[in-house]
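Note sheet for the following structure.
The values are calculated or read from the model by the stated rules, or taken from the named source; none is laboratory data. Keep in mind it's a predicted model, so treat the numbers as computed, not measured. Cβ sites come from the backbone with ideal geometry, for glycine too, and all protein chains shown count toward neighbours.
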Amino acid sequence: MFLIDSKNQQKDYQIRKASKVSLSRYGRSTVWVWFVVALVLSFFAFGAKTPVALTWLSGGDIVLFAVHRPGHRFIRRMFKVVCWQVGLIVTLYCLRFGVAEGLLSGLTTSWQLCLAFLPGAIFIETVPEHLITRMLTDVMPSRSAFVLATCLNFIPMVLAEAKSIYEGQVLRGARILPKDLANPGNWAEMLNCLVVPMMIHSMKLAQEIALAAKARDFGKKRGRTAWPGESDS
Amino acid sequence: MAEVIRLQKYSFAYPGASRYVLRDIDLSIRAGECHCLGGSTGSGKTSLALALKGLLPDGETNGVISRFLPGGDGAGGLGIVLQNPETQILRRSVGAETAFGLENLCVLPAEMPGKVRSALDQAGLDKSFEGETGKLSMGEKYRLILAGQLVMGPALLIIDEPAAQLDPAGLENLLEIIRRLKVAGTALLLLENRPGPLQAAIDHYWHLNDTGQLLTGPLARPASNLEASPPRLPASTLPPEDNVIDVLGMTIGGAEGLAVWSDVSFAVPPGQRVVLTGSNGSGKTTMLRCLTGFLQPDNGTLKVFGAKPQARELRGRVGCLYQNPQKQLFETTVFDEVAFPLRRLRENRRELAARVTETLVLCGIENLAPMSPHTLSFGQKHLVALASVLVIAPQLLLLDDPFAGLDPKTAEKMLRLLTKINVQQDTTIVLATHEPKNLSCWADQTLTITGGNVVSH
């Protein structure tokens, strides 16, 4: 019995050692540095209140952007999200505080929120997913790291599904077009027609993804090794 | 050849279910054999596959499954490709995705690249390890998923409904892979009602009946009535200004500046049945999104009912059933689900009830009216989603791969229904599919997409 345990421990050690070696060889520290930079920028964005502070943070984001250089698709996607976010927040602020006071406060809050989520979005978009998984493995069990990284990976798919449901519901008559949503009376429709089916569908997708992972023996063994990275090819 | 797996009097019931989904199954699969298992939607094909892999939840089980696999009786050495390719690709690079199973089996990282390259070669996917999985075509994604299974060296590979995802070219590729695997001694089990070209590799046919029993032979196909409802309108009988859809020189750009459609022109007169066909990723869904006004063409003219399409203006006139339409269901009863579009069109209560009932009868699901749509079978949900589109009596009906995942019986029922509303209500139908073979005699016009261009015939 002792012998078997000892053998298993030796194999586990070999596996861990091999993973760590490949991890350091393919820039574990670099990934950590960028992760911390993104985290710090986001963190300060929540605390920044003055236009000066926000301008400095914007400069930081621009540097992050220039270094990572995400593709045109990402820029287009982010532009749409930012437009929606700004439009929604400024509208709500204007409704609550009036145009004179709400416009500037709304714009500042929108700016702040953009700076809070943009560094994380750039990091997730540009750092290879297996490197994120490996980085997460340093601070959490490998299975949890995989689950978290996979969740991040499926965000674009979930958004595409949401878009498909949205378009289908609009043609069924749902009053959820941007013009319709100018009327707060239609906001509940958004919840019923889009959020509810999206939640149901997301749960189904999560089950399918979990099944697909199990079909490839995920969770069969206690530990996991890590793909050494593309450079090995 | 040696036996790989054997089931003896195997039965299974899901926890809380009142009946067995699989009943007294006797099945033996040997190395190098290819078996094909058919059955109507919900008959238990996928459940049987999950049982073989040991992935079913704890339910009521009788009988024995004996696995003679390299991994012992723990279902190691058994690969399974599930239905939806999109939820099976878990990583962003080809190398990492293929190696996922090896990571789970704790294979040393240094050994992975060689095994991954060999599996990619076996699956016929000539991509570098750093290739992005998100940029692969559907056929390539399918081969990647196969490589992800083959890298683990399965003695038995189960493939669930490949024809629902792959176009004819993709199926031909899969046939070649299956042939190679058979020669190498891998056993295969295809869960498929419409194997198409894969028939050439199949050694044994089985099907599950509605009580979960396994019978020999393929699932009997229902008699088609397509010949009894031929197309009615020659394309040129109406003046061009009456066309429901007019497309002239349309170009649509896709990701990274590549054109999905280039300088495309066609017209659809009222009451026509149009089949829009092309391989996976050729732009069929893109076209439907343009027709509904959710996507704007880069160049050219597109008119629906004589005007530039705008979603707001098309409500009540256009019905659209996107892929996997069950995902749009949200009400608590089938009646309310079907009634939703009429409520939004402010139909009065009495008229609304009459029209909903009429539509439910038309779709043959009137008995489901008080039930929750979320508790229905896949095929029933499909019909509910269709009913909720038909209830407004749309002048134009757009359908994106409406038969995907449906068994032949339900697909035939749906096609009869479409024919009926086309004939009775003069509804113009545009149906996008990657499997046009069975619809050629049904359509007035077939639009085939090849290389970003459309050929009408």
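So the values come out like this:
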| read-out | value |
| --- | --- |
| Number of positions in region A:144-160 that are facing chain B (nearest Cβ under 7 Å) and surrounded by 17 or more Cβ atoms within 10 Å (Cβ to Cβ) | 2 |
| Scope region A:173-199; condition facing chain B (nearest Cβ under 7 Å) and either in a helix (DSSP H, G or I) or in contact with a strand residue (DSSP E or B) (Cβ under 8 Å, 6 or more places away or on another chain) (or both); matching residues | A:N192, A:C193, A:V196, A:P197 |
| Condition met for B:G44 (in contact with a Pro (Cβ under 6 Å, 6 or more places away or on another chain) and either within 11 Å of chain A (Cβ to nearest Cβ) or surrounded by 16 or more Cβ atoms within 10 Å (Cβ to Cβ) (or both)) | no |
| Residues that are on the phi < 0 side of the Ramachandran plot and either in contact (Cβ under 8 Å) with a residue 60 or more places away in the chain or not in a loop (DSSP other than H, G, I, E, B) (or both), drawn from region B:308-322 | B:A311, B:R312, B:E313, B:L314, B:R317, B:V318, B:G319, B:C320, B:L321, B:Y322 |
| Residues being crowded, with 17+ Cβ neighbours inside 10 Å and either more than 13 Å from chain A (Cβ to nearest Cβ) or in contact with a helix residue (DSSP H, G or I) (Cβ under 6 Å, 6 or more places away or on another chain) (or both) - total across region B:338-368 | 12 |
| Qualifying residue in region A:25-37 (condition: crowded, with 17+ Cβ neighbours inside 10 Å, within 14 Å of chain B (Cβ to nearest Cβ) and modelled with pLDDT under 85) | yes |
| Qualifying residue in region B:142-158 (condition: crowded, with 20+ Cβ neighbours inside 10 Å, small (G, A, S) and farther than 28 Å from A:P156 by Cα) | yes |
| Residue under evaluation B:G54, criteria (1) within 14 Å of chain A (Cβ to nearest Cβ); (2) touching a Pro at 6+ places or on another chain (Cβ under 7 Å); (3) of a type outside the set (D, E), criterion not met | (2) |
| Among residues of region B:314-337, those that are away from every other protein chain (no Cβ under 11 Å) and either at pLDDT below 90 or in contact with an Asp or Glu (Cβ under 8 Å, 6 or more places away or on another chain) (or both), counted | 0 |
| Verdict on B:Q310 being facing chain A (nearest Cβ under 10 Å) and modelled with pLDDT of 90 or more | yes |
| Residue selected from region B:94-136 under the condition part of a loop (DSSP other than H, G, I, E, B) and farther than 24 Å from A:R143 by Cα, by the criterion farthest from the other protein chains (Cβ to nearest Cβ) | B:G124 |
| Candidate set from region B:370-394 (those that are surrounded by fewer than 19 Cβ atoms within 10 Å (Cβ to Cβ) and more than 12 Å from B:P325 (Cα to Cα)); member that is nearest to the other protein chains (Cβ to nearest Cβ) | B:H374 |
| Number of the exception - B:A404 against (1) outside any loop (DSSP other than H, G, I, E, B); (2) closer than 21 Å to B:N84 by Cα | (1) |
| Selected residue (criterion: surrounded by the fewest Cβ atoms within 10 Å (Cβ to Cβ)) from residues of region B:426-442 that are under 16 Å from B:L288 (Cβ atoms) and at pLDDT 85 or above | B:T433 |
| Close pairs from region A:76-96: first free of Cβ contacts under 8 Å to residues at least 60 places away in the same chain, partner of a type in the set (V, I, T), Cβ under 6 Å, at least 6 apart | A:I89/A:T109 |
| Strands (runs of 3 or more DSSP E) enclosed by region B:1-51 - at least 1 residues per element that are of a type in the set (V, I, T) and under 22 Å from B:V81 (Cβ atoms) | B:3-13, B:22-30 |
| Breaking point among (1) of a type in the set (F, W, Y); (2) touching a residue at least 24 places away in the same chain (Cβ under 8 Å); (3) at negative phi, for B:F305 | (3) |
| Top-ranked residue of region B:350-366 - restricted to ones that are part of a helix (DSSP H, G or I) and in contact (Cβ under 8 Å) with a residue 24 or more places away in the chain, ranked as nearest to B:T410 (Cα to Cα) | B:C363 |
| Residue within region A:207-221 that is in contact (Cβ under 8 Å) with a residue 12 or more places away in the chain, crowded, with 19+ Cβ neighbours inside 10 Å and within 22 Å of the chain's Cα centre (by Cα) present | yes |
| Qualifying residue in region B:345-362 (condition: modelled with pLDDT of 90 or more and within 30 Å of B:E86 (Cβ to Cβ)) | no |
| Qualifying residue in region B:340-349 (condition: farther than 19 Å from B:K413 by Cα, within 28 Å of the chain's Cα centre (by Cα) and of a type in the set (F, W, Y)) | yes |
| Residue tally, condition small (G, A, S) and more than 12 Å from the chain's Cα centre (by Cα), over region B:380-410 | 4 |
| Residue satisfying all of: in region A:200-227; touching a His at 6+ places or on another chain (Cβ under 9 Å) and farther than 21 Å from A:A162 by Cβ; farthest from the other protein chains (Cβ to nearest Cβ) among these | A:A226 |
| Region B:58-68 - residue that is surrounded by fewer than 20 Cβ atoms within 10 Å (Cβ to Cβ) and either at pLDDT below 90 or among the β-branched types (V, I, T) (or both) and, of those, nearest to A:A206 (Cα to Cα) | B:D58 |
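Listed here are the residues, each with its yes/no results for (1) modelled with pLDDT of 95 or more; (2) more than 21 Å from B:T375 (Cβ to Cβ); (3) of a type in the set (V, I, T).
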residue	(1), (2), (3)
B:M1	no, yes, no
B:V4	no, yes, yes
B:A13	no, no, no
B:G16	no, no, no
B:V21	no, no, yes
B:A31	no, yes, no
B:S40	no, no, no
